[in-house]
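In what follows, a single structure is set out as structure tokens and then discussed.
The values are calculated or read from the model by the stated rules, or taken from the named source; none is laboratory data. Computed from a predicted model, the values in this text were never measured in an experiment. Every residue, glycine as well, gets a Cβ built from its backbone with ideal geometry; the counts of neighbours run over all protein chains shown.
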Amino acid sequence: MAPNVSDSTATVARCAADETVNADDHAPSSADPRTGRSRKRIGTIPTTTTTTTISDRNNNTSNDCDYVAASEAPFRAQIRWPDFMAQLFVHTGFVIGLALLVTLQVKLYTFLWTLLLVWASGIGITAGAHRLWSHKSYKARWPLRLLLMFLFTICGQRDAYTWAHDHRVHHKYSETDADPHNAKRGFFFAHVGWVFLTPHPEVVAKRKIIDMSDLEADPIVMAQRRYYIPLFALLVIAMPVLVPYYYWDERFWVAFWVCFTLRFTTTLNIAFFVNSVAHMFGNRPYDKSISPVENLAVAIAAMGEGWHNYHHVFPWDYKTSELGSYVFNITTAVIDCFARLGWAYERKSVPAEVIARRAAKCGDGTRFLTDEYAHQDAVWGYGDHDLPPEDVAAIVQEQQ
Ligand SMILES: [Zn+2]
Ligand SMILES: [Zn+2]
């Protein structure tokens with residue numbers, strides 16, 4: 001494919017949150033200059049000459065949707081051929097596995113085993129690598145962390161530390177050159193291109209300043225990282241293929257193409273859909289100035305990870321959504337089940353009033369079409385008793 005070249009000039013928009021939240025991070029607080037309220041900041045980002053605008057954007061404390069022009073140095077990505085060949089192999093294997101499946105050359109048990117692996121390893125991604133290790137949206141006792149790590153390893157999407165590292169960079173620098181799968185570089189890049197292209201220098205730079213100390217202190221995370229290659233061979237290839245081969249006499253190569261390549265690539269592309277489709281096609285009820293969207297199809301396929309506009313606005317919410325029932329958010333159901341066992345605890349979520357206020361201020365209006373908070377924050381003008389006090393203070397200050 002043609003190498004990606006980023007635009008020399010980009011315009012980014014941001015509708016910043018002004019809500020105080022119950023996130024369990026250890027970031028320093030500072031006073032909002034406009035409201036005087038204490039607010040969480042995720043951290044001070046060192047700036048360079050070429051990244052001033054990106055850094056400013058991510059430290060934006062304004063209440064408004066600001067538009068900032070950024071000048072970025074041209075960058076030409078190179079293909080990383082080993083990664084490209086690996087993607088070519090697994091996607092070719094996907095086609096072979098699918099052909100075996102649709103021509104009914106696969107035993108029923110093998111098919112059910114593949115479905116089970118897709119679902120279970122998917123929970124390892126959503127409840128483990130994503131909501132637990134990337135976002136710290138809840139806490140898990142070691143038996144659950146061990147179980148989630150076992151399941152996550154089966155999916156074969158790199159080690160959890162690396163996965164969470166890139167995902168934190170993605171959230172922190174979303175839609176900038178520092179975003180590993182920046183959706184502004186197009187669908188293909190956001191979906192799979194980023195996996196086999198050299199990363200933008202900004203990605204490399206920002207990876208170095210994202211705090212990963214919590215995961216470095218987690219022995220389960222670090223052990224999986226240390227022994228990832230043998231674990232990959234064992235749990236991504238050997239176990240999925242050899243179980244049907246030994247237990248119900250499936251043909252070896254059928255098991256290989258279906259239980260390894262077809263399964264692996266299916267899970268991989270579902271995860272990729274969150275980075276591509278869920279950043280492009282859908283509504284933006286919580287912040288219309290960012291690319292992530294609410295997408296039901298992705299939510300179903302990715303077990304609750306398609307409510308992506310909400311998730312980017314409130315990434316500490318363990319439900320990754322506001323309204324999603326268990327039907328469209330199976331991962332939340334799984335975490336809640338483990339909470340009943342006492343293995344999951346300190347599940348963080350966002351108060352309804354905070355969500356409603358944020359949606360009223362920054363959303364595209366679609367949230368109000370469907371939920372009980374419809375028009376809750378609508379105001380008729382200055383003097384309306386529903387006008388938020390911080391808005392009143394800002395208006396008064398502006399007049400002086
Ligand atoms: Zn996330
Ligand atoms: Zn995203």
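Collect the residues in segment 354-390 that are charged (D, E, K, R) and at pLDDT 80 or above, keeping them in residue-number order. Spell out the reasoning first.
Just the residues of segment 354-390 that are charged (D, E, K, R), to begin with: 357-358, 361, 364, 367, 371-372, 377, 384, 386, 390.
Hits for segment 354-390 are ARG357, ARG358, LYS361, ASP364.
Within segment 179-200, count every residue that is more than 22 Å from PRO292 (Cα to Cα) and within 14 Å of ligand 2 (Cβ to nearest atom). Before you say what the answer is, go through the steps one by one.
So in segment 179-200, the residues more than 22 Å from PRO292 (Cα to Cα) come out as 196-198.
Within this subset, residues satisfying the condition of being within 14 Å of ligand 2 (Cβ to nearest atom) are none.
Of the residues in segment 179-200, 0 are more than 22 Å from PRO292 (Cα to Cα) and within 14 Å of ligand 2 (Cβ to nearest atom).
Identify all residues within segment 274-289 that are crowded, with 22+ Cβ neighbours inside 10 Å and of a type in the set (A, V, I, L, M, F, W, C); write none if there are none. VAL274, VAL277, ALA278 - these are the residues of segment 274-289 that are crowded, with 22+ Cβ neighbours inside 10 Å and of a type in the set (A, V, I, L, M, F, W, C). Hey, any hits in segment 227-245 for a residue that's without any contact (Cβ under 8 Å) to a residue 60 or more places away in the chain and not in a helix (DSSP H, G or I)? Yes, segment 227-245 contains at least one residue that is without any contact (Cβ under 8 Å) to a residue 60 or more places away in the chain and not in a helix (DSSP H, G or I). Hey, could you check segment 290-337 for residues that are among the aromatic types (Phe, Trp, Tyr) and away from ligand 1 (no atom under 14 Å from the Cβ) and say which is surrounded by the fewest Cβ atoms within 10 Å (Cβ to Cβ)? That would be TYR326.
Out of all the residues in segment 332-348, is one or more within 16 Å of ligand 2 (Cβ to nearest atom), at pLDDT 90 or above and among the polar types (S, T, N, Q)? Don't jump to the end; show me each part of the working.
Of the residues in segment 332-348, the ones within 16 Å of ligand 2 (Cβ to nearest atom) are none.
No.
Taking PRO201 as the residue in question, decide whether it is surrounded by fewer than 17 Cβ atoms within 10 Å (Cβ to Cβ), away from ligand 1 (no atom under 16 Å from the Cβ) and more than 27 Å from VAL334 (Cβ to Cβ).
Working: surrounded by fewer than 17 Cβ atoms within 10 Å (Cβ to Cβ): yes; away from ligand 1 (no atom under 16 Å from the Cβ): yes; more than 27 Å from VAL334 (Cβ to Cβ): yes.
Considered against the rule, which asks whether it is surrounded by fewer than 17 Cβ atoms within 10 Å (Cβ to Cβ), away from ligand 1 (no atom under 16 Å from the Cβ) and more than 27 Å from VAL334 (Cβ to Cβ), PRO201 comes out as yes.
Among the helices (runs of 4 or more DSSP H) confined to segment 66-178, the ones with at least 1 residues that are acidic (Asp, Glu) and either within 16 Å of ligand 2 (Cβ to nearest atom) or in contact (Cβ under 8 Å) with a residue 24 or more places away in the chain (or both) are located at 81-102, 160-172.
Just one of VAL243, VAL277, VAL254 is at pLDDT 95 or above and within 16 Å of ligand 1 (Cβ to nearest atom); which is it?
Values: VAL243 fails: within 16 Å of ligand 1 (Cβ to nearest atom); VAL254 fails: within 16 Å of ligand 1 (Cβ to nearest atom).
Answer to the selection: VAL277.
When ASP249, ASP214 are checked against the criterion of being surrounded by fewer than 22 Cβ atoms within 10 Å (Cβ to Cβ), in a helix (DSSP H, G or I) and charged (D, E, K, R), ASP214 stands alone in meeting it.
For segment 301-316, a tally of residues being closer than 14 Å to THR126 by Cβ, out of contact with any Gly (no Cβ under 7 Å at 6 or more places or on another chain) and more than 14 Å from ligand 2 (Cβ to nearest atom) returns 1.
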